[in-house]
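Trainee: Take this structure first; my questions come after.
Nothing in this text is a laboratory measurement; each read-out follows from the coordinates by a stated rule. The structure presented is a predicted model; accordingly, all values stated were derived computationally and were not measured. As a convention, Cβ positions derive from the backbone with ideal geometry for all residues, glycine included, and neighbour counts pool all protein chains shown.
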Amino acid sequence: MSDLRPASPFRLLRRTLLAWFRRNGRPLPFRESPDAWRVWVSEVMLQQTRVEAMLPRYRAFVARFPDPGALADASEDEVLAAWAGLGYYGRARALHRAARELAAAGGGIPDTAASLRRLPGIGDYTAAAIASIAFDEPVAAVDGNVRRVLSRLFMVEGFPGRAPFEGRVRELADRLMEADGGRDPGDWNQAVMELGATVCTPAVPRCGSCPVREFCWSRVAGRQTDFPGRPPRPAPVAVRLAVAVVRDREGRILVFRRGESPMRGLYELPCGECRSDESPETALVRETASRYGIRVEPAREVAGFRHTVMNRRIAVVPFEADLVDPAPGETVPGGRFVHPRDLDRIPSGSMLQKTLQRVASTRRTPGNPSRRLLVSARDDP
Ligand code: SF4
């Protein structure tokens, strides 16, 4: 029997946006079948990565690890290597831990947001996305896209991350989820996210093509880009980092495994930050002694480059360097020599790869004996 009640503005908005999503939603591989594992992996990958960059990695990852059991059986190195290029490796470690917890408990993927929330790496948003898309639970998923869309539609004042803003967005998201009896919760959550990803974009919302423009308070007020509000940004921190490329007699490269967050578990070249009053050579010798217990002698500085990690703007100053202590041929405690062709098989950050590319592209040739071949990043702020 058809519903003859007059539609509330929330129900109308919901139906309008859902109809648009069903016609216009992008045909992404994880939308083809609402399989909980695929939804989970895709949502974790998308937390910090754009969909275009994530898709090739996603396909390779779910082919390599088709279910949580396959991931649980893999070593951390294998998992981090499969995650290479996506960054924010803490996500991969948490996914791995969660898969192992499920394997240890002998159960499948939990089917409610509340139970999913207890797994490592799964927050409110991811739990709601998996539960609604894979298990039809009517629970609203609120991510950055949803915050932006709802704050613009209803002119929600304040900043993301602050209680009044988050409380109001949550209230609106819940009301919209329930407005039509909580029907099609997975499609509804994806519809709001899709609008935020493709139409109600951060800098220039395409209001002329927006299916819910008639419902949008900020469009009527001409204040779309005032929402959501932005808290003051932390000032960028400028850092100079001296990095050593040390080879053994077989041409293998010395790397160490990092112990601290956020790069824990990844391999890095020996490196250290420069103090404001010291040369990169001095910093390299001092820092590699204190951080890794080795003594190196910088032999050749090569072209530097800039690298950004969160609010740290890093001027990287690479050196080819000789190992003095331990003596060549001796074991390096905590270190490991890896052949260049095997470096893409160990988990490492993009800075290691960039450094090696710089060094390889400026190797000394017989006709070019200069010690410093290119302008370095040492003068960068
Ligand atoms: S009308 Fe513009 S600001 Fe409002 S939801 Fe649509 S795209 Fe966003």
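Trainee: Grab the beta carbon distance between residue 223 and residue 162, set R0 = 25 Å, and tell me the FRET efficiency rounded to 0.05.
Mentor: Efficiency for this residue pair is about 0.85.
Trainee: So how do 140-146, 333-339 stack up, highest first, on mean other-Cβ count within 10 Å?
Mentor: Packing order, densest peptide first, comes out as 140-146, 333-339.
Trainee: Between 24, 70, 51, whose Cα lies farthest towards the positive end of the dipole of the chain when Lys and Arg beta carbons carry +1 and Asp and Glu beta carbons carry -1, centred on the Cα centre?
Mentor: 24
Trainee: Using only the alpha carbons of the range 201-326, determine the length spanned along each of the three principal axes and report them from longest to shortest in whole angstroms.
Mentor: Taking max minus min along each principal axis of the Cα atoms, the range 201-326 gives 71, 34, 27 Å.
Trainee: Now for a different question. Enter the per residue convex hull volume of the range 33-137, computed from alpha-carbon coordinates, in Å³ rounded to the nearest integer.
Mentor: It is 88 Å³ per residue.
Trainee: Once Lys and Arg get +1 and Asp and Glu get -1 on their Cβ, which of 115, 132, 98 lies farthest toward the positive end of the dipole of the range 33-137?
Mentor: 98
Trainee: Shifting gears a bit: Looking at the P(r) of the chain, how many percent of alpha-carbon pairs lie beyond 36 Å?
Mentor: Here the tail beyond 36 Å accounts for 40 percent of pairs.
Trainee: If you don't mind, another one. I'd like the distance between the alpha-carbon centres of the range 297-356 and the range 17-80, rounded to an integer number of Å.
Mentor: What the calculation gives is 32 Å, centre to centre.
Trainee: Placing unit charges on C-beta atoms (Lys and Arg positive, Asp and Glu negative, everything else neutral), compute the dipole magnitude of the chain about its Cα centre in debye, rounded to 20.
Mentor: Magnitude of the dipole: close to 1040 debye.
Trainee: Another question, then. Compute the helix-to-body angle for 163-178: its Cα long axis versus the longest principal axis of the chain, expressed 0 to 90° and rounded to tens.
Mentor: Result, in degrees: 50.
Trainee: Calculate how steeply helix 144-153 sits against the longest principal axis of the alpha-carbon atoms of the chain, using the helix alpha-carbon long axis, and give the answer as 0 to 90 degrees to the nearest 10.
Mentor: Once rounded, one gets 40 degrees.
Trainee: Which of the peptides 39-49, 268-278 is most tightly packed, and how do the rest follow, judged by the mean count of other Cβ atoms within 10 Å per residue?
Mentor: 39-49, 268-278
Trainee: With +1 assigned to the C-beta of every Lys and Arg and -1 to the C-beta of every Asp and Glu, and no other charges, what is the dipole magnitude of the range 237-361 about the Cα centre in debye, to the nearest 20?
Mentor: Value, rounded to 20: 500 debye.
Trainee: If you don't mind, there's one more thing I want to ask. What three numbers, in Å, describe the spread of the alpha carbons of the range 308-366 along their principal axes, ordered from the longest?
Mentor: Result for the range 308-366: principal-axis Cα extents of 38, 35, 23 Å.
Trainee: Follow-up question, since we're still on this one. Treating only the Cβ of Lys, Arg, Asp and Glu as charged (+1, +1, -1, -1), what charge dipole size does the range 115-226 show about its Cα centre? Round to the nearest 20 debye.
Mentor: So the magnitude is around 440 debye.
Trainee: Can you tell me the 0 to 90 degree angle between the C-alpha axis of helix 9-24 and the longest principal axis of the chain, rounded to 10?
Mentor: Relative to the chain, helix 9-24 is tipped by roughly 60 degrees.
Trainee: Next question. Consider all pairwise Cα distances in the range 142-230 and report the whole-number % of them above 22 Å.
Mentor: Value for the range 142-230 (Cα pairs over 22 Å): 20 percent.
Trainee: Right, next: Once you list every other residue whose beta carbon is under 14 Å from the beta carbon of residue 208, what net charge do they have if Lys and Arg are +1 and Asp and Glu are -1?
Mentor: Charge balance near residue 208 sits at +2.
Trainee: Using a basic spin-label model with each label point 7 Å from the Cα along Cα→Cβ, how many nm lie between residue 275 and residue 16?
Mentor: Each label point is offset 7 Å from its Cα along the Cβ direction, giving 6.4 nm.
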